[in-house]
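Input: a single structure, listed below in structure tokens.
The values are calculated or read from the model by the stated rules, or taken from the named source; none is laboratory data. Since the model is a prediction, treat every value here as computed from it, not as a measurement. All Cβ positions, glycine included, derive from the backbone under ideal geometry; neighbour counts span all protein chains shown. What goes into the accessible areas is simple: the full protein's heavy atoms, side chains included, and nothing from ligands, DNA or RNA. Shrake-Rupley method; radii C 1.70, N 1.55, O 1.52, S 1.80 Å.
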Amino acid sequence: MTVRPMQYLPANILLTKAIQVKPRDLTGRSFQRLIDDMVESMYWYHGVGIAANQIGSRYRLCIIQLPEDQEPRVLINPRITRRAGEREVTEGCLSLPGHRGNIIRSERVWATALDRHGAPLNFDGVDGLLAQALEHETDHLDGIAYIDHLRSPDDLFEVERQPDGPEGDNWHRSDSTED
Ligand code: NI
């Protein structure tokens, strides 16, 4: 597994809609390697999630691993099918280090995706950090960053930037809210 270079805003690939993964892509070694590299990169940059375009791939897939998750969740072609309610959250992004923003996200989210072998995954009205991560990562794959949801520039603020890799906080298990 290889850590791939992070793409930082306003890199063009972060502003571009991802390409739907086809069934035959799943059987390719390079595609399975991309998934493993995304997991390794998410750990290296201390994220709770990562979208493929953040490490330079056009494919529509993302990884989410919440602090309480034992394993990374691989989500291929994730799609949000329904949202309910609103709440204010503080959010960060690996592609915009040293910043946080207060934005509105949904209370609950319904989503579909495939796992790395093509089996269907359903998220049925999930809430909390999982709902937030699903919205954040599917946004990335639609070329949207959390700063696009800021209601005012005052809602974006600077925080201390943690180093990447083992020198950073929470090496290999992040409790940060960066995706
Ligand atoms: Ni992000």
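Ordering His46, His99 by accessible area with a probe of 1.4 Å, largest first, what comes out? Walk me through the numbers before you get to the answer.
Values: His46 20, His99 50 Å².
Of His46, His99, the descending order of accessible area is His99, His46.
Rolling a 1.4 Å probe over the heavy atoms of the protein chains gives the range 1-135 an accessible area of 46 Å² per residue. Between Asp124 and Asp69, the contour length at 0.36 nm per residue exceeds the alpha carbon distance by 18.1 nm.
The alpha carbon centroids of the range 1-47 and the range 59-115 are separated by 15 Å.
Kindly identify the range 1-93 as rounded, prolate or oblate by the Cα gyration tensor criterion: order the square roots of the eigenvalues as a ≥ b ≥ c, call it rounded if a/c is under 1.5, otherwise compare a/b with b/c, prolate if a/b is larger, else oblate.
Working: a/c = 1.35, a/b = 1.26, b/c = 1.07.
Rounded shape, in that the Cα axes give a/c under 1.5.
Note on Ile13 and His117: with the Förster distance fixed at 25 Å, the Cβ-Cβ geometry gives a FRET efficiency of about 0.45. Applying a DSSP loop filter and a limit of 11 other Cβ atoms within 10 Å to the GluC sites (Glu not before Pro) in the range 7-87 leaves Glu68, Glu86.
Can you give the net charge of the other residues whose Cβ lies under 13 Å from the Cβ of Thr2, counting K and R as +1 and D and E as -1? Write down the numbers at each step before the final one.
On the way: positive: Arg4, Arg33; negative: Asp36, Asp37, Glu40.
Result for the neighbourhood of Thr2: -1.
Expressed as a whole percent, the accessible surface of the range 1-150 that belongs to carbon and sulfur atoms is 48, based on a 1.4 Å probe. Give the shape of the range 62-178 as rounded, prolate or oblate, defined through the alpha-carbon gyration tensor: a ≥ b ≥ c are the square roots of its eigenvalues, a/c under 1.5 means rounded, and otherwise the shape is prolate if a/b is larger than b/c and oblate if not. Judged from the Cα gyration tensor, the range 62-178 comes out oblate (a/c at least 1.5, b/c at or above a/b).
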